[in-house]
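This report concerns only the one structure given below.
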Amino acid sequence: MTARPPIDGETRIYGILGHPVRHSLSPAMHNAAFEALGLNAVYLAFPVAPERLPEALAGLAAAEVLGLNLTVPHKTAVIPLLSELTPEARAIGAVNTIRHTPAGWVGTNTDGMGFMGALESDLHWSASGKQVLLLGAGGSARAVGWSLLAAGIERLVIANRTPKRAETLARDLAANPGGAVETLDLAQVPGAEPHLLVNTTTVGMGDGQSPVALAPIGVREAVVDIIYAPPSTPLLAQAKTLGLAHANGMGMLLHQGVTAFHFWTGKKPPVEIMRAALEAGLSKRES
Ligand code: ATR
């Protein structure tokens, strides 16, 4: 491994804006990548209160910070502050990664690409002709749903606690070319028999709950829970018992970072080093 050059006048700055943000695993992941490639760059966490986002972005642009990630609560609020959006950011309606240009910030969304990257590398899952049951209708569901349709699934079925949000998401996603998009009442998911089930709700994030009883749904191939802390959820435990292929959200977290790193630097990201840094960061946080 090459060591990162010492911090000096040439050091370029990247970072993440969130509120809160101190728990973020992204600094560990991106600094490990900079170090592995010998790039003279650092990645820092900046706590920015919602009302100060415009000020923070203007200041960081003026100081020629080259790239930023955005997390809760900034992912949609940032959009009017950008000079350009990539097609995926526009389609998803949220931005998690921005790049500095002389004309202003260019925003993209790497969560969707990250989800598909994880699905392909962790589960070797192929999308063509498949049916997917998506649980949840928040920002993560938007990115996951968009990426599955862009990857060529045949049918996306969205089920959410608040059916109205599922309907809004279905309508927005159906505006893009791709497979059919439908909604289903959560009470009607038994018997849905999707090839893949994806949980994007926060149920299972430390509450010991599962968003659905898995066995009656009749999943044919795989289950993904985008939660990564805890590393296994009650939903994933059921998938394991049923002998289904399954994955947690670690792969999505890694691959959204991998995609962002490439968007900023144009360099081939050191994926395994980034994965190891995330895993080390997570186990440090848990201990
Ligand atoms: P994110 O941006 O991470 O997707 P979000 O926009 O807050 O977060 O969305 C959280 C998702 O989890 C929503 O689909 C939410 O359902 P509602 O739209 O009905 O709020 C779902 N969710 C959160 N708590 C839940 C619970 N106890 N039972 C079922 N769904 C829940």
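The values are calculated or read from the model by the stated rules, or taken from the named source; none is laboratory data. These figures come from a predicted structure and were not determined experimentally. Using ideal geometry, Cβ is built from the backbone for each residue, glycine included, and neighbour counts are taken over all protein chains shown.
Some values worked out for this structure:
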read-out: Residue in the stretch 147-157 that is away from the ligand (no atom under 11 Å from the Cβ), at pLDDT below 95 and polar (S, T, N, Q) present; value: no
read-out: Residue check for Ala141: more than 10 Å from the ligand (Cβ to nearest atom) and either closer than 29 Å to Ser26 by Cα or in contact with a His (Cβ under 9 Å, 6 or more places away or on another chain) (or both); value: no
read-out: Output for the stretch 192-221, where each listed residue is farther than 11 Å from Leu133 by Cβ and more than 16 Å from the ligand (Cβ to nearest atom); value: Ala215, Pro216, Glu221
read-out: Any hit, the stretch 173-184, residues being outside any helix (DSSP H, G or I), within 14 Å of the ligand (Cβ to nearest atom), assigned by TED's automatic domain parsing to the domain that holds Leu214 and in contact with a strand residue (DSSP E or B) (Cβ under 8 Å, 6 or more places away or on another chain); value: yes
read-out: Tabulated pairs, the stretch 46-62, first assigned to a strand (DSSP E or B), second crowded, with 18+ Cβ neighbours inside 10 Å, C-beta under 6 angstrom, 6+ apart or interchain; value: Phe46/Gly15; Phe46/Leu17; Pro47/Val21
read-out: Test: residue in the stretch 30-38 that is outside any helix (DSSP H, G or I) and buried (at least 19 other Cβ atoms within 10 Å of the Cβ); value: no
read-out: Number of the exception - Ser210 against (1) assigned to a loop (DSSP other than H, G, I, E, B); (2) within 27 Å of Leu70 (Cα to Cα); value: (2)
read-out: Residue list for the stretch 233-260, restricted to those being more than 18 Å from Gly117 (Cβ to Cβ), in contact with a helix residue (DSSP H, G or I) (Cβ under 8 Å, 6 or more places away or on another chain) and not in a helix (DSSP H, G or I); value: Leu242
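Yes or no, residue by residue, for (1) in contact with a Phe, Trp or Tyr (Cβ under 7 Å, 6 or more places away or on another chain); (2) of a type in the set (Asp, Glu); (3) surrounded by 16 or more Cβ atoms within 10 Å (Cβ to Cβ); (4) within 21 Å of Pro20 (Cβ to Cβ):
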{"position": "Pro54", "(1), (2), (3), (4)": "no, no, no, yes"}
{"position": "His74", "(1), (2), (3), (4)": "no, no, yes, yes"}
{"position": "Ala91", "(1), (2), (3), (4)": "yes, no, yes, no"}
{"position": "His100", "(1), (2), (3), (4)": "no, no, yes, no"}
{"position": "Trp105", "(1), (2), (3), (4)": "no, no, yes, no"}
{"position": "Gly114", "(1), (2), (3), (4)": "no, no, yes, no"}
{"position": "Asp122", "(1), (2), (3), (4)": "no, yes, yes, no"}
{"position": "Val132", "(1), (2), (3), (4)": "no, no, yes, no"}
